[in-house]
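Okay, structure first, notes after.
The values are calculated or read from the model by the stated rules, or taken from the named source; none is laboratory data. Predicted model only: the values in this text are computed from it and were never measured. Cβ: placed from backbone, ideal geometry, glycine included. Neighbour counts: every protein chain shown. Each accessible area value is taken on the protein alone, full model and side chains, heavy atoms only, with ligands, DNA and RNA left out. Shrake-Rupley method; radii C 1.70, N 1.55, O 1.52, S 1.80 Å.
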Amino acid sequence: MKRQDWITILIIVLVLAPFFIPATGFFEWFKASTANHPFTMAFFKFAILATFGEMLALRIRKGVYNEKGFGIVPRMMVWGFLGMCITMAMMIFKSGVPAFLGALGWSNAGAVFGAAELTWGKVGVAFAVSVLMNSIFAPVMMTFHKCTDIHITENGGTVRGLLRPMKMREIFSTKINWDVQWNLVFKKTIPLFWFPAHTITFILPPTFQVLFAALLGVALGLILALAGNKK
């Protein structure tokens, strides 16, 4: 490994250490802040973790964590916004899908899903929530992310460039590799990775849902970044 890798590992250890040291009270602060300010915390979690996932992808592809035009700050801004959208979607689908299942005849789906004990019924509802959220919301979110990714790159990776109007028609028609977007991102990563990953997320206690979703942000940034550069 290179020096930059050891520095990255050291930073990760320093960031994670307070979570495992009870005397710091950081974990309790983290839980309270997530409960009281869910969207603000979502912004920072995804801005940091998902962007780090993209930096890891760049490290794998080109041997560096950053390069001219990559645009770490603009990417953090986009991921922060997407993090708030993902948090909103989780709230909506966690409430809406049990109600939908109830309308289909599973009258106690909400009670089963909200119960503390782990049962097959809870796993079933969690899987339904994951499938519907990732089938309805995820493709739109992933496509929007791809558009912003292209926009950031084409504008030199600057914050000013990010704020310029996106040429959505041009990006959709000529810049997105729809073969990769459909055949890899949609057809493979969503059912094979995100369906089971978010099923696990939704059966965890709320505190661990937050942590697990934040860690998935790294995987999300890594997968989409690698997919976007697949030939």
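Okay, residues lined up against (1) open to solvent by 50 Å² or more (accessible area, probe 1.4 Å); (2) farther than 30 Å from residue 28 by Cβ; (3) at pLDDT 80 or above; (4) of a type outside the set (Lys, Arg):
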position: 183; (1), (2), (3), (4): yes, yes, yes, yes
position: 186; (1), (2), (3), (4): no, yes, yes, yes
position: 200; (1), (2), (3), (4): yes, no, yes, yes
position: 209; (1), (2), (3), (4): no, no, no, yes
position: 219; (1), (2), (3), (4): no, no, no, yes
position: 229; (1), (2), (3), (4): yes, yes, no, yes
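Yes/no matrix, rows are residues, columns are (1) of a type outside the set (S, T, N, Q); (2) in contact (Cβ under 8 Å) with a residue 12 or more places away in the chain; (3) in contact with a Cys (Cβ under 6 Å, 6 or more places away or on another chain); (4) farther than 19 Å from residue 58 by Cα:
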{"site": "137", "(1), (2), (3), (4)": "yes, yes, no, yes"}
{"site": "143", "(1), (2), (3), (4)": "no, yes, no, yes"}
{"site": "147", "(1), (2), (3), (4)": "yes, yes, no, no"}
{"site": "156", "(1), (2), (3), (4)": "yes, yes, no, no"}
{"site": "173", "(1), (2), (3), (4)": "no, no, no, yes"}
{"site": "185", "(1), (2), (3), (4)": "yes, yes, no, no"}
Looking at 132, 163, which one is under 30 Å from residue 200 (Cα atoms) and out of contact with any His (no Cβ under 6 Å at 6 or more places or on another chain)?
132
Would you check if there is a residue in the range 45-52 being open to solvent by less than 30 Å² (accessible area, probe 1.4 Å), of a type in the set (Phe, Trp, Tyr), modelled with pLDDT of 85 or more and part of a helix (DSSP H, G or I)?
yes
Among the residues of the range 6-15, which ones are under 23 Å from the mean Cα position of the chain (by Cα), surrounded by 10 or more Cβ atoms within 10 Å (Cβ to Cβ) and either in contact (Cβ under 8 Å) with a residue 24 or more places away in the chain or farther than 16 Å from residue 60 by Cα (or both)?
8, 11, 12, 15
Let me confirm something: among 95, 107, which residue is in a helix (DSSP H, G or I), surrounded by fewer than 18 Cβ atoms within 10 Å (Cβ to Cβ) and of a type in the set (S, T, N, Q)?
95
Taking residue 64, is it aliphatic (A, V, I, L, M) and outside any helix (DSSP H, G or I)?
yes
Helices (runs of 4 or more DSSP H) wholly in the range 118-164 with at least 1 residues that are closer than 16 Å to residue 191 by Cβ - which ones?
120-136, 138-154
All but one of (1) under 27 Å from residue 16 (Cβ atoms); (2) modelled with pLDDT under 95; (3) polar (S, T, N, Q) hold for residue 153, so report the exception by its number.
(1)
